[in-house]
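The values are calculated or read from the model by the stated rules, or taken from the named source; none is laboratory data. The model shown is predicted, which means the values in this text are computed figures rather than measured ones. Cβ: placed from backbone, ideal geometry, glycine included. Neighbour counts: every protein chain shown.
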Amino acid sequence: MPAAAINKFVRQGEIDEVHRALSPSLGGKKENYFGVLYISKKFNIPESEAASFVALEGTTDAGIDAYYHDKEKKTLYMYVFRWSEDHILFRDPLEKLGKHGISKIFFDASKSENDHKLIVSLKTCLFENWKTIDRVVIDFVFNGDPVDAEQSRVLGFLREAVEDKRSFIESYLSRIGESPGMHDMIFHYISNINNLGSITSSRQTAEYVINFDGSLSVPPAKGEGENQMTVTFLSLGDLYKMYSDLGERFFEKNLRSGLDEGKMTNLQIRNSLRTIIDGQEEPQNFALYHNGITLTAQDLEVNGPSTVRMVEPRILNGAQTVKILKHFVDEESQKQKRSSRKKKGGESSAESAGGADKTVDSNGGLVTTTTIAPASLQKKLSETKVMARIIQSKDEEFVKRVTINNNRQNPIMPWNLRANDLVQISFEEMFAKLGIYYERRENAYRNIMEEDIEGTLDSEKGVIEVRKLAQTVLAARGQIDRISEMKDVFEGEVWYRDTFREQYLDIDPRKLVLLYKVQFRLQSVIREIRSAGAEKYGYAPKAKNLIWCLTLQGLMNDNKFDKLVENYGNSTGVEAGLTEILKKMASSKIRFILSDAFDAKKYRDHMNEGKFAFLRSKATLADCMKVAQSRFGWEKKTL
């Protein structure tokens, strides 16, 4: 009798049993028989048959563990199984799927002897059945909560890389000339635990069909593959709707989140909008006054001379223009709403006045779920156009280069260029578990807080900035010589990877938060040291980074460190109790460490000559740590 008739959910005992029965002939790891049982139960087939659709040795290099073609439903299922409650274990297979898995399966039809036998089997299935497949479903099955996986910033980021390859699937399944867009690609996170419910589907793909008066298609440069650009004019109404629908997601490929271009630029854009809305100026003039924007899209299809279809559009340049537009329209809508209420004696309708409801999307960005501008305002917005360059490319590095070169009008700091690295998004998710916002993109925190009109974000938890986190990590590890070299740290691949080690993602984030906030009380620590002798410790302000490193070592060497993490590691606010602890450490330990270390003749000579460069050297820190070990039993700690 098929397993589906017994129980829908897979149990550990069942895995043990089927592994004992099948592994002598099929081999494989015990945990991979989770997939065998799941497919057997779901599709009501014998376990021995289900095993032929599972990579029993583990995840393939394409990122999937199993597949099944349901001929009745005309659906190809691809699976990733994890016998765990931790959704972050889907990170590696998702990354493989996005980088080369989808293209390997749907683009490279050839079968290599190096291919995993499951991938060979899947390619054979596709070749024989592609005409009967209407949709591709990618299911991630585990024992955790699907909501956690759905809301994961890391998985959301990696899922976009998979979605970027959607055209490979569409091209493969439309080989006889069907129009594109007929085949669905669907993501599911599925819990194997019955009390956590069933399936949580990923967010709906955002798709827009835009009307325009004409366009210019620029062919790809030689050697640039399928990189394409379309130049056209988009209405402000379309841009307003995209931002209202997508929220901060609209800017996630940008290096910044609405960088403030200056009061003059903001005022000019608002004035242009005001004169157009008031009828004092023709809508056509807006495109003449302003430079335009640059967007990218997962899929771009120009349909004749008058419409373009865009899937998951993202702003690469022009975020500030779009943000000002959104703020202006929302303010104008509220103004007309109040005016309408007065005229109607306190009553108004959404259709006449406009309004918006705010929610938070699966990646933590704010989204406007309903946005209705007054009819007269909508008409003006549809008539007002801005020049737009729309880039389509499957090469993420190419899109990144486009973004960088389109933002040259403002200084680009090296940490801006790292904003969309996977490790930075991983840190963002790690700190989000504490309710703390990690600002990997410049100005993102300010913009989100400004738009959080419903108060869904906890401002008291604070924000951690990417550059200051890097300095904290370096100070905690005693790399004093790098603390002031942030450009080099972020520009150099070796230094950057060494600073943002992925192993730090596995530590208690409260530990990093506690160490991070020490920098905001360094002046108090320095004043406490100098209070013991202003003349003797007159060099202390010049030794800020040295004192920072010693203070962090003092905390990590404290036998109550775990308790300090528990008490002070939940927000970036510096509590009075922590300040007193730091000041006591300064007066009772750090000042003596400095005094003893600098009593050496070489340091006295440097100070007498007014040479203080030694305060920034690793050798000096090492001498201080020798004193700390001798006097207070400190050991050099690291993260």
Among (1) at pLDDT below 85; (2) touching a strand residue (DSSP E or B) at 6+ places or on another chain (Cβ under 9 Å), which single condition is Asp260 missing? (2)
Filtering helices (runs of 4 or more DSSP H) wholly in region 95-161 for at least 2 residues that are closer than 30 Å to Leu434 by Cα and not polar (S, T, N, Q) gives 146-150
Of the conditions (1) surrounded by fewer than 16 Cβ atoms within 10 Å (Cβ to Cβ); (2) in a loop (DSSP other than H, G, I, E, B); (3) modelled with pLDDT under 70, the single one that Ser362 does not satisfy is (1)
Does Phe81 satisfy the criteria of being modelled with pLDDT of 90 or more and touching a helix residue (DSSP H, G or I) at 6+ places or on another chain (Cβ under 7 Å)? yes
Would you mind telling me which numbered condition in (1) at pLDDT below 90; (2) in contact with a strand residue (DSSP E or B) (Cβ under 8 Å, 6 or more places away or on another chain) Gly144 fails? (1)
Single residue of Val136, Val162 found to be closer than 22 Å to Lys73 by Cα and at pLDDT 85 or above: Val136
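Just checking: which of the helices (runs of 4 or more DSSP H) contained wholly in region 556-639 hold 2 or more residues that are within 41 Å of the chain's Cα centre (by Cα) and in contact (Cβ under 8 Å) with a residue 12 or more places away in the chain? Step through it out loud before you land on a result.
Numbers: elements: 561-568, 576-585, 591-597, 601-608, 618-632.
Per the criteria, 561-568, 576-585, 618-632.
Considering every residue within region 488-496, establish whether at least one is part of a helix (DSSP H, G or I), out of contact with any Cys (no Cβ under 7 Å at 6 or more places or on another chain) and within 27 Å of Phe632 (Cα to Cα). Spell out how you get there, then give the answer.
Residues of region 488-496 that are part of a helix (DSSP H, G or I), as a first pass: 488-491, 493-496.
From what is left, the residues that are out of contact with any Cys (no Cβ under 7 Å at 6 or more places or on another chain) are 488-491, 493-496.
The next check asks that each one be within 27 Å of Phe632 (Cα to Cα); those that pass are none.
No, the conditions are met nowhere in region 488-496.
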All but one of (1) closer than 26 Å to Arg309 by Cβ; (2) at pLDDT below 90; (3) crowded, with 16+ Cβ neighbours inside 10 Å hold for Asp115; state the number of the condition that does not hold. (1)
